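The values are calculated or read from the model by the stated rules, or taken from the named source; none is laboratory data. All values derive from a computational prediction rather than experimental measurement. Every residue, glycine as well, gets a Cβ built from its backbone with ideal geometry; the counts of neighbours run over all protein chains shown. Calculation scope for accessible area: heavy atoms of the full protein, side chains included, ligands and nucleic acids excluded. Shrake-Rupley method; radii C 1.70, N 1.55, O 1.52, S 1.80 Å.
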Amino acid sequence: MSDVQFRFRTDDAVADPGVTVDVFGAQTNASAVRLEPGDDARDLLPHLDRIKLIEVNFPSFTDGRGFSSARVLREAGYTGELRAVGELPVDHLGHLRRCGFDSFAPDIPLNPVDAEAALARWEHVYQPAADGRVPIWNLRHG
Amino acid sequence: MYKYDTYDQAMVDARVEEFRDQVKRRLEGHLSEDHFKPLRLQNGLYLQLHAYMLRVAIPYGTLSSAQMRVLGDIADKYDRGYGHFTTRQNIQYNWIQLDQTPDLLAELAKVEMHAIQTSGNCIRNISSDQYAGAAADEIVDPRPYAELLRQWSSFHPEFLVLPRKFKIAVIASETDRAAMKLHDIGIRMVRNAAGEIGAAFYVGGGMGRTPMIAPLVRAFVPLDQLITYAEACLRVYNRYGRRDNKYKARIKILVHELGKDEYTRQVEEEFAHLLTQGIEPPLAELERIKAHFTDPAYDTAAPDTLDRSDPDFALWVDRNCAAHKQPGYMIATISLKPVGGIPGDASGEQMRVMADLGLKYSFDELRVTHAQNIVLPHVRKADLYDLWQQLDAAGLATANLDLIGDIIACPGLDYCSLANARSIPVAQKISERFAAKQADLGELKLKISGCINACGHHHAGHIGILGVDKKGTENYQLLLGGCEGDDTSLGQITGPGFSEDGIVDAIDKATDVYLAHKQGDERLLDTYRRIGMAPFKEAIYE
Ligand code: HEM
Ligand code: SF4
């Protein structure tokens, strides 16, 4: 499993690796779970209060289902760690962050300078997402 | 016309810098072609047979003169003196060097233009009615809604890695001039019984190898829920659209496989949830945008009569000009389909001429049409003759709007790496063969694609031509009966395909059948619908 390269949280990281959604359903004490692209993030909603870490896997950077999974979880009020793992190009970093991811474990570690630039790229954003940034259309109207 | 404020400008400038950085990483070898490809595609940059091709967005097809002038200058500076206007109201350049693209994009950004999301698996440039704001039959100007959707969809963090590309069109007239139901989402602005404006959503249309006409999934979305509803449509697609097979990844397949009712149910469920999330822009934003699309300062004393004494001019007016909502004005279309020319091509110099004429005669505004022509939306009838003379001098006064010579053609094998056959030479031959006969044939929309991807809309042509590969030689199938307008229909293949010359002869025979059977003022499409395929088939394959 790849290491966490960026983490935007101050609480202690959960040590256990995420179990699959199937195992999670059966194992009532697990606190970390791993979502594959085909898993329905909404299956986790009844259990959010006991989950501390959700890993969302991106086996290929061309499969964007994880972007929606992240927003679904954040919109349901999940505040634990949401970690993107797998094939994570640096150019996706800012968008993943906007969808609610707060830690990143890329298969291939990213160039930290590029990553910083990617995260700082957009001073403003057009639309609301899971990161609480005020969109331009609200800034325009005070 | 919409003008950027500092926020819009900053977004576009940031994108130029982002792309400059991506190109640098690519050229230095830090970014593999596999990883660069989706990034350049979201900036409209394709790698084609001979060079890179760049597609520049023209949001809802509206351009200022200054923008058109820059497009002409770019054609001269970065391409070989031409630009190609496309069926999605964009412009493409065919001979672009990768290392020059960041500078090219910076020049575009100076006139509030960009290539953001003009290709790739994301929400593409939003298209609209080329007569928006001028048409006599519209209930509102559709462009403010298209602009709101443009902002919402630009860099939308959740929807940049969709299963496949996603195309949205917005119209607000009874007459559909934008092939709205052949889009992933087609939106028609409507008025409900209470007199309020809202949006009807048609979802799951498209062309390509499995053409489908979008079904209506919701007849009325109120204006203060427009973005939320669009977000729900997209989220259901992003979560459940097929990713196992790129030929089945468009939303049309999802809607088809789930069925319209089940897709709609899922969207409504997501919509109900998203309404609790407060993602809708304030209505004040729509009002702010609308203020950019108010009517120009029409000359209310403009005479409503026309001097038709020059017959060539009268012919051009009858063919290429349409009714305007303002008395004393007309909408003039500049055909980019000269006899024997390349459909949709304009030289840098012609673009500058059109820019000047747009400034002089049309309140600094031009439009690109999905039929690859240019529109001057607001011309005083009293100025039409001067305009026509200047167009004529620039080789831009071809009087063939909606005639058989007004061909839509994709780039085909001359430029496109996916092509099975050439499109442009066939278009040129047809244009020449029918130049004399075309007036007698009346409205006849002919559309050519060089492969099954259907970039040339061949399914929606009254006559469609599809290039196929037949044991290594180029072959052309003929389709009849397609239509993109209100009564959208998909063309049917006549039978075995033809050689390049054979297809031109076959069309000649088909048009003879039409002329022999025509009743009243029927178009070929109407005659075909009435008498069916058999008489055409008989004549074509006799
Ligand atoms: C030369 C490079 C081009 C390439 C490689 C290309 C590629 C493609 C592909 C692969 C599709 C099928 C997508 C699908 O069915 O999922 C497609 C569809 C389409 N393309 Fe292109 N295209 C090119 C140029 C153009 C041009 C110049 C235009 C406009 C004139 C255009 C407009 C369209 C349209 C309208 C469709 C149909 C959309 C639909 O399926 O709903 N393309 N293109
Ligand atoms: S229809 Fe085929 S040949 Fe024509 S541009 Fe599209 S992909 Fe290329």
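Listing for the model above:
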| item | result |
| --- | --- |
| Whole-Hz ³J(HN,Hα) from phi, Karplus 6.51 cos²θ - 1.76 cosθ + 1.60, for the stretch B:521-537, glycine and proline x | 9, 4, 8, 3, 4, 5, 4, 4, 5, 7, 9, x, 6, 3, x, 5, 4 |
| Mean shadow area of the stretch A:6-141, taken as a quarter of the surface of its Cα convex hull (nm²) | 8.7 |
| Summed side-chain charge close to B:Leu306 - residues other than B:Leu306 whose Cβ falls under 13 Å, Lys, Arg +1, Asp, Glu -1 | -3 |
| Contact order normalised by residue count of the stretch B:1-64, Cα under 8 Å, 6+ apart, percent | 22 |
| Charge context of B:Ala132, other residues only, Cβ under 15 angstrom, K/R +1, D/E -1 | -2 |
| Amide H within-cut-off set for B:Ala115, under 5 Å, with H built and near neighbours excluded | B:Ala57 |
| Cα centre as origin, Lys/Arg/Asp/Glu Cβ charges: the stretch B:27-133 dipole, Debye | 280 |
| Cα gyration tensor category, rounded, prolate or oblate, for chain B with a/c compared to 1.5 | rounded |
| Relative contact order of chain B, defined on C-alpha pairs under 8 angstrom at six or more residues apart (%) | 13 |
| DSSP beta bridges in the protein assembly as shown [antiparallel fraction, %, rounded to 5] | 65 |
| Dipole-positive endmost among A:Ala105, A:Gly86, A:Pro128 within the stretch A:6-141 (Cβ charges, Cα centre) | A:Pro128 |
| Heavy atoms of A:Tyr78: accessible area, 1.4 Å probe, square angstrom to 10 | 10 |
| Highest-first arrangement of B:288-297, B:274-283, A:98-107, where packing means the average Cβ count within 10 Å | A:98-107, B:274-283, B:288-297 |
| Amide hydrogen neighbours beyond the local backbone of B:Ser335, cut-off 5 Å, H modeled | B:Thr398 |
| Inter-chain Cβ neighbour average for residues B:281-288, partner chain, 10 Å | 4 |
| Relative contact order of the stretch A:6-141, defined on C-alpha pairs under 8 angstrom at six or more residues apart (%) | 20 |
| Where no second cysteine Cβ lies under 4.7 Å, the cysteines concerned in chain B | B:Cys122, B:Cys233, B:Cys321, B:Cys416, B:Cys451, B:Cys483 |
| Counting DSSP beta bridges with both ends in the stretch B:137-291, the antiparallel % (nearest 5) | 75 |
| List A:Leu119, A:Leu93, B:Leu315, ordered by accessible area with a 1.4 Å probe, largest first | B:Leu315, A:Leu119, A:Leu93 |
| Charge dipole of chain B about the Cα centre (unit charges at C-beta), most positive-ward option of B:Ser65, B:Leu478, B:Ala397 | B:Leu478 |
| For the stretch B:485-542, size of Cβ-based charge dipole, Lys and Arg +1, Asp and Glu -1, in debye | 220 |
| Rounded to the nearest 10 Å², the accessible area of B:Arg265 at probe 1.4 Å | 120 |
| Vicinal HN-Hα couplings computed from phi for the stretch A:22-31 (Karplus, 6.51 cos²θ - 1.76 cosθ + 1.60; Hz; Gly/Pro x) | 4, 4, 4, x, 7, 9, 6, 9, 5, 10 |
| Too-long pairs where the Cα-Cα distance tops 24 Å, listed order kept, from B:Lys181/B:Lys445; B:Lys360/B:Lys381; B:Lys3/B:Lys77; B:Lys165/B:Lys471; B:Lys167/B:Lys260 | B:Lys3/B:Lys77; B:Lys165/B:Lys471 |
| Ranked order, B:Lys471, B:Lys381, B:Lys360 - accessible area, probe 1.4 Å, largest first | B:Lys471, B:Lys360, B:Lys381 |
| Largest-first ordering by accessible area, 1.4 Å probe, given options B:Thr369, A:Thr79, B:Thr473 | A:Thr79, B:Thr473, B:Thr369 |
| ³J(HN,Hα), Karplus 6.51/-1.76/1.60, whole Hz, each residue of the stretch B:440-449, x for Gly, Pro | 5, 7, x, 4, 8, 8, 10, 9, 10, 10 |
| Rounded accessible area of A:Lys52 (nearest 10 Å², 1.4 Å probe) | 130 |
| Residue-averaged 222 nm ellipticity for chain B, from DSSP H runs of 4+ at -39500 (n - 2.57), nearest 500 | -11000 deg cm²/dmol |
| Carbon and sulfur %, accessible surface of chain B computed with the full protein complex present, 1.4 Å | 50 |
| Debye, to nearest 20: dipole size of the stretch B:291-372, +1 on Lys, Arg Cβ, -1 on Asp, Glu Cβ | 240 |
| Positive dipole terminus of the stretch B:6-110, leading residue within B:Leu108, B:Phe36, B:Met53 (C-beta point charges) | B:Met53 |
| Neighbour cut-off at most 14 other Cβ (10 Å), DSSP loop, trypsin sites (Lys or Arg not before Pro), the stretch B:169-226 | B:Arg209 |
| Under 5 Å, built H, 5+ apart or other chain: amide partners of B:Val190 | B:Gly198, B:Ala199, B:Ala200 |
